[in-house]
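Data block below; observations after.
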Amino acid sequence: MTPRISCEFFPPRTPGGMRALPRTARRLSALPLEYCSVTYGAGGSTREGTFEAVQSLLASGIAAAPHLSFGSDDEATIAALLERYRDAGVRRVVALRGDVASGMGRRHVRYAAELVAFIRQRFGDAFHVAVACYPETHPESATPADDVAHFRDKVQAGADSAITQYFYNADAYFDFRDRCAAAGIGIPIVPGVMPITNVDGLVRFSNNCGAEIPRWIHRQLDACRHDEAALLAFGTDVVSRLCERLLAGGAPGLHFYTLNQASPTLAIARNLHLAG
Ligand code: FAD
């Protein structure tokens, strides 16, 4: 069975970046691409940028899925945004809590499950709703069991599929998938894949989001941090082997965190014989 492939972008900050985005997505169309998603700044900071990026992908014939969170917005604002997306031809969204900005104090947090329920209540089945999940446990979850229970809340609220936080240990995914199945979660859980192109950025981001870089990978990345070609070759090889194991073990697809670059994802896809 051909795996479902999706690619994630962030909304470009410059007009040149915005123009380049559909070109990048078209290069990635060499993969069996189901859709491309576009991230959303929690608190609505990229509301227009995300919308514009989604529109430009749609205009290029690429199925596009915006990420979305309540942040500090009220229901009317989020409903209006969803209406704009529906009217523009969007059929899939990624519903998130987003990260709570410091300074929000004890304000009521709108968990992702609340957004999923809101979308279902207001828009029925107009959208396929994907949610996030965490094979290595979300940093704020008290226990792995709590984490799965809160993931199940999102499924019970109406989520159709899930994309994982990235990880570099295939066993974390398989163990999580099995624990989810035991908890009665039956939706497809698509592994999120972060190509490796830069050591410091990856370490910083992984520390923030709670993704573990195994020591054997970290040490080898450190050793080639000043040799870009060696770093890319090692990163491509490690991530390709991870993807191979995931697909062989039954993962329903792969979701690439592209950071708006086509080449690292294409190199992995070629190793997997997925790029035409
Ligand atoms: P939730 O599912 O709401 O969970 C957040 C935390 O709250 C978890 O620890 C959970 O266990 C806990 N929790 C849930 N419900 C309850 C409850 N009722 N009581 C107590 N605790 C509870 N961030 C962005 O800002 N923009 C993006 O575009 C974006 N895209 C992402 C895409 C993917 C695929 C992934 C994996 C992450 C993405 N993120 C994005 C990051 C995400 O917003 C953060 O990981 C955030 O901290 C959690 O979001 P969530 O939707 O998983 O939250």
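Mind listing just one residue for me: the one in the range 141-187 that is acidic (Asp, Glu) and more than 20 Å from the chain's Cα centre (by Cα) and, of those, nearest to the ligand (Cβ to nearest atom)? If we take residues in the range 141-187 being acidic (Asp, Glu) and more than 20 Å from the chain's Cα centre (by Cα), then Asp146 is nearest to the ligand (Cβ to nearest atom). The single residue among Glu48, Glu75 that is surrounded by fewer than 20 Cβ atoms within 10 Å (Cβ to Cβ) and in contact (Cβ under 8 Å) with a residue 24 or more places away in the chain turns out to be Glu75. Would you mind stating whether Ala126 is assigned to a helix (DSSP H, G or I) and either over 18 Å from the mean Cα position of the chain (by Cα) or within 13 Å of the ligand (Cβ to nearest atom) (or both)? Judged against the criteria, Ala126 is not a match. Going through (1) within 13 Å of the ligand (Cβ to nearest atom); (2) in a loop (DSSP other than H, G, I, E, B); (3) modelled with pLDDT of 95 or more one by one, Ala113 falls short only on (2).
If only residues of the range 31-52 that are aliphatic (A, V, I, L, M) and at pLDDT 95 or above are counted, the one that is nearest to the ligand (Cβ to nearest atom) is Val38. The set of residues in the range 139-177 that are more than 20 Å from His255 (Cβ to Cβ), part of a loop (DSSP other than H, G, I, E, B) and among the polar types (S, T, N, Q) comprises Ser141, Thr143.
The values are calculated or read from the model by the stated rules, or taken from the named source; none is laboratory data. Just so you know, these numbers come straight off a predicted model, no measurement behind them. FYI the Cβ positions are ideal-geometry reconstructions off the backbone, even for glycines, and counts take in every protein chain you see.
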